[in-house]
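Note sheet for the following structure.
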Amino acid sequence: MSSVVALDRLLDARHIWRGQAIVSRPVSQPTGHAMLDAILPGGGWPESALSELLVAATGTGELRLLWPTLARLTAAGERVVLVAPPHRPCPQAWLAAGVDLRRLIIVQAKGRDALWSAEQCLRSGSCGAVLCWPSQADDRALRRLQIAAETGKTLAFAYRPLHEAENPSPAALRLAIEAQPAQLRVIKCRGGLAPARPLPASAWESPP
């Protein structure tokens, strides 16, 4: 004849052990912008992951968003790679932002070659961050970048057109940088809900 024993009695008598729940928190690196860090899960860029920066047009201040991070990484001796940038970087502006140009590498490539180059840099594990501007990137290509970032434990940033916000993406973080009005919206963030209110341009264009 079987008997039923209340679970709480067993716990009280210490016949069984109850472990503590483990809360998994996203690992991140600070963006260098206090207002942005405050609304992102973990307080910054998702580490070892792909972040998408969706822009209405290039030259709208989108690089300012990353300069504090790139300055910190290069100051620590980390290598930063730009894959297929649409414009030649202005050395004076990057220097003024605190980026060590000796740690900056530019890879000129097009189409699938650019995606391949970005993926290899991410997988190598020898870079602090990899920035790319893919002209053609489907879900499969973005997933490969995400996996490469995880493998190489590297920050990955992909600048893409704003209209891509309508399409799903495997990126851990998706930010929309809008020109009219000048603001930043969090579309997707791993580990939490995207905040409803956008950030004004002053949140990243002003000195931290």
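The values are calculated or read from the model by the stated rules, or taken from the named source; none is laboratory data. Because the structure is predicted, anything quoted here is derived from the model rather than measured. As a convention, Cβ positions derive from the backbone with ideal geometry for all residues, glycine included, and neighbour counts pool all protein chains shown. Ligands, DNA and RNA are excluded from the accessible area calculation, which covers all protein heavy atoms including side chains. Shrake-Rupley method; radii C 1.70, N 1.55, O 1.52, S 1.80 Å.
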Discussion item. Criterion first (under 16 Å from the mean Cα position of the chain (by Cα) and in contact (Cβ under 8 Å) with a residue 24 or more places away in the chain) does Val55 satisfy it?
Written reply: yes
Here the residues within region 161-181 that are within 16 Å of the chain's Cα centre (by Cα), of a type in the set (D, E, K, R) and at pLDDT below 95 are none
Pairing a residue in region 112-123 that is open to solvent by 10 Å² or more (accessible area, probe 1.4 Å) with any residue that is of a type in the set (D, E, K, R), where Cβ atoms lie under 6 Å and the two sit 6 or more apart in sequence or on different chains, gives Glu119/Arg144
Sole miss for Arg79 among (1) basic (Lys, Arg); (2) modelled with pLDDT of 95 or more; (3) more than 30 Å from Ala109 (Cβ to Cβ) is condition (3)
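Would you check if Glu62 is over 17 Å from Gly152 (Cβ atoms), open to solvent by less than 50 Å² (accessible area, probe 1.4 Å), part of a strand (DSSP E or B) and not hydrophobic (A, V, I, L, M, F, W, C)? Give the derivation first.
Working: over 17 Å from Gly152 (Cβ atoms): yes; open to solvent by less than 50 Å² (accessible area, probe 1.4 Å): yes; part of a strand (DSSP E or B): no; not hydrophobic (A, V, I, L, M, F, W, C): yes.
No: the conditions fail for Glu62.
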Those residues of region 33-51 which are open to solvent by 50 Å² or more (accessible area, probe 1.4 Å) and either of a type in the set (Asp, Glu) or in a loop (DSSP other than H, G, I, E, B) (or both) amount to Glu47
Filtering region 150-208 down to residues that are in a strand (DSSP E or B) and either open to solvent by 20 Å² or more (accessible area, probe 1.4 Å) or farther than 29 Å from Ser117 by Cβ (or both) yields Pro161, Glu178, Gln183, Arg185, Ile187, Lys188, Leu199, Pro200
